[in-house]
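Reviewing the structure listed below.
The values are calculated or read from the model by the stated rules, or taken from the named source; none is laboratory data. Note that the structure is predicted; figures quoted are calculated from it, not measured. Note that each Cβ is placed from the backbone with ideal geometry, even for glycine, and that neighbours are counted across all protein chains shown. To get the accessible areas, we keep the full protein, side chains included, count just its heavy atoms, and leave off ligands, DNA and RNA. Shrake-Rupley method; radii C 1.70, N 1.55, O 1.52, S 1.80 Å.
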Amino acid sequence: MMRNCAIQRTDKPPDSGYRPRTILLVDMDGFFSSIEMVEHPELVGCPVVVGADPKEGAGRGVVSTCSYEAREYGVHSGMPITKAYRLCPDARFLPVTMALYQAVSARIMKILRSYAHTDKFQKVSIDEAFLEITTDDSADAIRVAQDIKKEVLKKEKLTCSIGIGPNKLVAKIASDVEKPDGLTVVVHSEVQEFLDPMPITKIPGIGKKTGKTLGDIGIETIRNLRVYDVKKLVLRFGKWGYQMHDFACGIDKREVKEAPTVKSVSRELTFDEDTADPGVIYGSIDVLADRTHRALIKTGYQFRTVSVKVRFEDFNTHTRAKSIGFPGSDLQLVKNISAELVGEFIGERKIRLLGVRLSNLLKTDTRQTSIYEFGGSVDCE
Ligand code: TTP
Ligand code: MG
């Protein structure tokens, strides 16, 4: 069937049986740093950075998250901790106390789950969940969202931002419109108007790389993508071309449901030019360890095994793995083991691709998390 993008498409099929949905995406504000402020009330109103030790500018590692006060200085998640220290030396730098965050997360998820219709609940990450409710009246939905916000604030002294939409895509994007402590509702008839002006990178799965590829053919906004010839998208991206076009049209039929068990998380990179340079190889493995660890943290799992994958210029591929005796989530450990494992492959042969995988994962919460919104490689059962 030919898809004409100029015609507005909707979730609603021509036949009956259409079930309007009301989906909420709840995302906690500055999660780790907000919990730290509950633990240390004297920090309320101060720039707080949670992550690696900056060691007065000589530290290694990255920012996990920071308070909204620190964000005003330009600090953000994933930024090297030394840069955060340069931008805001007076911030309070705190280490990651994961067990505490996981315990708070489990309590919050229990609250959120109680508002979902039967099993229509999906934890997305340590601080984020979708829930579907039965009403199709937006005033009712707003009341539910306000009740959730009140209960979470009362019980945990934490704020969250909530997006409400007719599907997961819209709810997720809406949750990010007003932060912190936001509440944004997008009703079915306003979906296109809401999405059209947004940059395409708001669509899950369109990151920097795909964003650039699309930008090169003049697609910058969701509207640009919607009116683009879907056949050309499919030629370029395969099935994903259909999917991204559906998203641009505000169509998302994904159910709200518990995600499958995550078995491993991994990140890979292919060098622009094959290399045997130890500096480049160690530097790249460090970046990959960081990215993989970040994906792990988002899922709320701990790992027991770190593996490194190396593909040489002749496409011969090798993996090496090392397990630790107890489940962990320490970034430096991932980096150290990855560097140790890759060391064996450094020599005269040039390397084409490197990868880091964390496996033997252990759920650190009573409920399952999904990798749905993160992209990247995550193996599920
Ligand atoms: P986010 O919800 O992305 O961030 P946040 O809750 O800190 O801030 P926001 O108000 O913008 O939602 O991630 C949830 C937690 O996951 C965050 O508090 C810390 C952790 N995290 C990392 O450790 N590394 C990362 O790169 C990201 C993005 C998050
Ligand atoms: Mg959050």
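Annotations for the structure displayed:
- The residue of segment 18-27 that is nearest to ligand 1 (Cβ to nearest atom), among those that are in contact (Cβ under 8 Å) with a residue 40 or more places away in the chain and open to solvent by 10 Å² or more (accessible area, probe 1.4 Å), is Asp27.
- Per-region count, segment 108-129, residues acidic (Asp, Glu) and surrounded by 22 or more Cβ atoms within 10 Å (Cβ to Cβ): 2
- Unique match (being closer than 24 Å to Met79 by Cα and out of contact with any strand residue (DSSP E or B) (no Cβ under 8 Å at 6 or more places or on another chain)) among Gly279, Gly328: Gly279
- Qualifying residue in segment 283-301 (condition: open to solvent by 50 Å² or more (accessible area, probe 1.4 Å) and at positive phi): no
- Residue in segment 150-168 that is in contact with a helix residue (DSSP H, G or I) (Cβ under 7 Å, 6 or more places away or on another chain), away from ligand 2 (no atom under 16 Å from the Cβ) and polar (S, T, N, Q) present: no
- Being closer than 22 Å to Pro20 by Cβ and open to solvent by 40 Å² or more (accessible area, probe 1.4 Å) holds for only one residue in Glu132, Glu178, Glu193, Glu151, and it is Glu193.
- Wholly within segment 57-146, helices (runs of 4 or more DSSP H) carrying at least 3 residues that are more than 16 Å from ligand 2 (Cβ to nearest atom): 81-87, 98-115
- Of everything listed in (1) at pLDDT 95 or above; (2) more than 16 Å from ligand 2 (Cβ to nearest atom); (3) open to solvent by 40 Å² or more (accessible area, probe 1.4 Å), the single unmet condition for Val38 is (2).
- Test: Gly211 is over 18 Å from Ile133 (Cα atoms) and touching a residue at least 12 places away in the same chain (Cβ under 8 Å): yes
- Number of positions in segment 43-59 that are surrounded by 16 or more Cβ atoms within 10 Å (Cβ to Cβ) and either away from ligand 1 (no atom under 12 Å from the Cβ) or closer than 21 Å to Lys179 by Cα (or both): 7
- So Thr210, is it within 16 Å of ligand 2 (Cβ to nearest atom) and open to solvent by less than 60 Å² (accessible area, probe 1.4 Å): no
- Residue-level analysis places Gly250 among those that are of a type in the set (Gly, Ala, Ser) and open to solvent by less than 30 Å² (accessible area, probe 1.4 Å).
- Among residues that are of a type in the set (S, T, N, Q), assigned to a strand (DSSP E or B) and in contact with a strand residue (DSSP E or B) (Cβ under 7 Å, 6 or more places away or on another chain), Ser284 is not included.
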